[in-house]
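Q: Got a structure for you, questions after.
The values are calculated or read from the model by the stated rules, or taken from the named source; none is laboratory data. Only a predicted model underlies this, so the values are computations on that prediction, with no experimental measurement involved. Methodologically, a virtual Cβ is constructed for each residue, glycine included, from the backbone with ideal geometry; neighbour enumeration extends over all protein chains shown. Note: accessible area is taken over every heavy atom of the protein model, side chains too, but ligands, DNA and RNA are not part of it. Shrake-Rupley method; radii C 1.70, N 1.55, O 1.52, S 1.80 Å.
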Amino acid sequence: MTKGTEGTPLMEDTALAVLEPATEALLASVPRAGADEVDVAVAAARRAFPAWRDVAPADRARLLRRVVEAMEGAWDELALLEARNAGKPLASARGEIGMAIEVFRYFAGAVERPHGETIPVADGVAFTERTPLGVVGLITPWNFPLNIACWKMAPALAAGNTVVLKPAELTPLTALRFAELALDAGLPEGVVNVVVGTGREAGRRLVEHPDVAKIAFTGSTAVGREIAQRAAATIKRVTLELGGKSANVVFADADVEAAALAAPWAVFDNAGQDCCARSRILVERSVVDEFLSHLQGAVEAIRVGDPLDPTTEMGPLISAQQRERVAAFVGDGAEVAIQGRAPEGPGFWFPPTVLWPVADDHPARHEEIFGPVAVVVPFDGEADAVRLANDSIYGLSGSVWTRDGAKGLRVARALESGNLSINSNSSVRLTTPFGGFKQSGYGRELGPHATDAYTEVKTIYINTEGK
Ligand code: NAD
């Protein structure tokens, strides 16, 4: 086995080795799609588009509900596959598949919702309608593999587009199984296509393909930047859900214990491989000691281990490369203040870790770590909290903890971020828009806004006066 260009194990030229991060064992070998296979998938999606676009809304909704039923029937199977392939606790994987199912149910309902305006104009009337884009390319990461793919597929299909999905090469298994389920549920051939390949080969071809109308991407800011540049050549529509370095702001007047006990799960969930991870914990100086003492107990109690053990709360990282990357953030001005336990190898383990104090210019303060590592940073008063929280190229999510309702709202409104929570660390809801400010990307997923990202607005004018 050799290393591919992105650190992905390549078994031979034509196959990708899919590993189980908890054991490092080979889970599957998947034929590797290159540019030619992407072209075949795009051609299939293009052929299927006119008929899918023209399916009567009620029928399209019915077909998508059948996909919901098929996923419900395969819930356990999909969750097990995701838990093993992504190394996440089985209960978390079940929850994610549950959300993916609900996303399809929600957007099946959206098919028949009205979405246009009537606008009075001189000598007649104009109305708008939303029309599908055509073939949409979806490029997704490995941290929430099927869930994030469904955030894109469900609104895209509901709006009448056909899709080519390129899942992350490390975690393609649930996407492949989904494609079978969708076909069995009655989606016409060519409506959902999955190509498993590397970003540099398959991903790049999808981005450059002239017959792809849009790329919906979730992944790192570096790759998002490259995709936006390449997509410009064909003026493709692009939405980007990128990285984050979110702040968890804890004021002295908060329930400090509640904030400290909740903080680990805002970073260490999914072993910290979460774009919404609130990995910068900003604490008002007068309560730092109190906060750290509660945090310590909570972090040390986290059960890290086999994803299939029902008592496990945190699994391994996705790969050896990711573990190396995460480890490089620790030390040299960012000292370990609190550390949990992790199993010895095999498996890509890394213990939950809190760094404190951390030098102002240390990379752990500013860069997305994407692993179970948080930094604690003290602040002095409201203005300082806002300044520190906004001192980031990212703006995806964040939290404010305080018992002063007006202050909570004021600070949340002042933070440059797409999703904020007050006295909570939750970011993602099926029915509310999700997406980033600044270099966390653009476009919104979930909720009613998601449909906008998969349609064009068309204006039709009717002359009623004959002039
Ligand atoms: P990544 O950017 O390395 O890869 C994401 C996807 O892009 C993969 O499918 C990969 O094969 C593909 N890709 C890589 N290079 C490409 C290229 N040149 N052209 C086209 N496609 C290419 O990201 P990752 O490591 O898989 O995921 C982690 C990142 O995703 C983190 O930065 C995280 O914050 C981000 N993320 C963001 C959100 C969000 O909603 N904002 C959600 C989850 C993850």
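Q: All but one of (1) over 30 Å from PRO155 (Cβ atoms); (2) within 21 Å of the chain's Cα centre (by Cα); (3) more than 14 Å from the ligand (Cβ to nearest atom); (4) not β-branched (Val, Ile, Thr) hold for GLY371; which doesn't?
A: Against the list (1) over 30 Å from PRO155 (Cβ atoms); (2) within 21 Å of the chain's Cα centre (by Cα); (3) more than 14 Å from the ligand (Cβ to nearest atom); (4) not β-branched (Val, Ile, Thr), GLY371 comes up short only on (3).
Q: Which number in (1) open to solvent by 60 Å² or more (accessible area, probe 1.4 Å); (2) more than 21 Å from ALA259 (Cβ to Cβ); (3) outside the structural domain of ARG225 (by TED's automatic domain parsing) marks the one condition that HIS449 misses?
A: So HIS449 meets the others, but not (3).
Q: What is the one condition in (1) farther than 26 Å from PRO155 by Cβ; (2) crowded, with 17+ Cβ neighbours inside 10 Å that TYR442 does not satisfy?
A: It fails just one condition, (1).
Q: Okay, moving on. Look through THR353, THR312 and report the one residue that is open to solvent by 10 Å² or more (accessible area, probe 1.4 Å), among the hydroxyl-bearing types (Ser, Thr, Tyr), at pLDDT 95 or above and under 27 Å from the mean Cα position of the chain (by Cα).
A: Residue meeting the stated conditions: THR312.
Q: Next question, about the same structure. Here are some residues: GLU335, GLU368. Which one is open to solvent by 30 Å² or more (accessible area, probe 1.4 Å) and free of Cβ contacts under 8 Å to residues at least 24 places away in the same chain?
A: GLU335
Q: Can you run down the residue pairs with Cβ atoms below 8 Å, 6 or more apart or on separate chains, where the first is in segment 293-308 and assigned by TED's automatic domain parsing to the domain that holds PHE348 and the partner is open to solvent by 40 Å² or more (accessible area, probe 1.4 Å) and charged (D, E, K, R)?
A: Pairs that qualify, where the first residue is assigned by TED's automatic domain parsing to the domain that holds PHE348 and the partner is open to solvent by 40 Å² or more (accessible area, probe 1.4 Å) and charged (D, E, K, R), are HIS294/GLU257; GLU300/ARG341; ILE302/GLU313; ARG303/GLU313; VAL304/GLU313; VAL304/ARG341; PRO307/ARG84; LEU308/ARG84.
Q: Quick check on this structure: which one of THR162, THR171 is within 16 Å of the ligand (Cβ to nearest atom), in contact (Cβ under 8 Å) with a residue 40 or more places away in the chain and hydroxyl-bearing (Ser, Thr, Tyr)?
A: THR171
Q: Take the residues of segment 36-93 that are in a loop (DSSP other than H, G, I, E, B) and of a type in the set (A, V, I, L, M): which is least open to solvent (accessible area, probe 1.4 Å)?
A: ALA74
Q: Within segment 242-275, which residues are within 11 Å of the ligand (Cβ to nearest atom) and either open to solvent by 10 Å² or more (accessible area, probe 1.4 Å) or over 30 Å from ALA213 (Cβ atoms) (or both)?
A: Hits for segment 242-275 are LEU242, LYS245, SER246, ASN270, GLY272, GLN273, ASP274, CYS275.
Q: Hey, another quick one. I need the full set of residues from segment 186-200 which are within 15 Å of VAL135 (Cα to Cα), within 16 Å of the ligand (Cβ to nearest atom) and touching a Ser or Thr at 6+ places or on another chain (Cβ under 9 Å), in order please.
A: Selection gives ASN193 alone.
Q: Scan segment 221-268 residue by residue and report those that are of a type in the set (Gly, Ala, Ser) and free of Cβ contacts under 8 Å to residues at least 24 places away in the same chain.
A: ALA222, ALA228, ALA232 - these are the residues of segment 221-268 that are of a type in the set (Gly, Ala, Ser) and free of Cβ contacts under 8 Å to residues at least 24 places away in the same chain.
Q: Follow-up. Can you tell me how many residues within segment 401-417 are within 24 Å of THR221 (Cβ to Cβ) and open to solvent by less than 30 Å² (accessible area, probe 1.4 Å)?
A: Residues that pass the stated criteria total 3.
Okay, residues lined up against (1) farther than 24 Å from ALA83 by Cα; (2) within 15 Å of the ligand (Cβ to nearest atom); (3) open to solvent by less than 10 Å² (accessible area, probe 1.4 Å):
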| residue | (1), (2), (3) |
| --- | --- |
| PRO167 | no, yes, yes |
| LEU176 | no, yes, no |
| GLU180 | no, no, no |
| ASP184 | no, no, no |
| PRO210 | yes, no, no |
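Conditions (1) away from the ligand (no atom under 16 Å from the Cβ); (2) over 15 Å from the mean Cα position of the chain (by Cα); (3) under 13 Å from SER397 (Cα atoms), marked per residue:
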| residue | (1), (2), (3) |
| --- | --- |
| SER427 | no, no, yes |
| LEU430 | no, no, no |
| GLY436 | no, no, yes |
| SER440 | no, no, yes |
| LEU446 | no, no, no |
| HIS449 | no, yes, no |
| ASP452 | yes, yes, no |
| LYS458 | yes, yes, no |
| GLU465 | yes, yes, no |
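Q: Cβ contacts < 6 Å: first residue in the same structural domain as THR174 (by TED's automatic domain parsing), restricted to segment 65-76; second residue open to solvent by 70 Å² or more (accessible area, probe 1.4 Å), any location; separation 6+ or different chain. Result?
A: VAL68/ARG105
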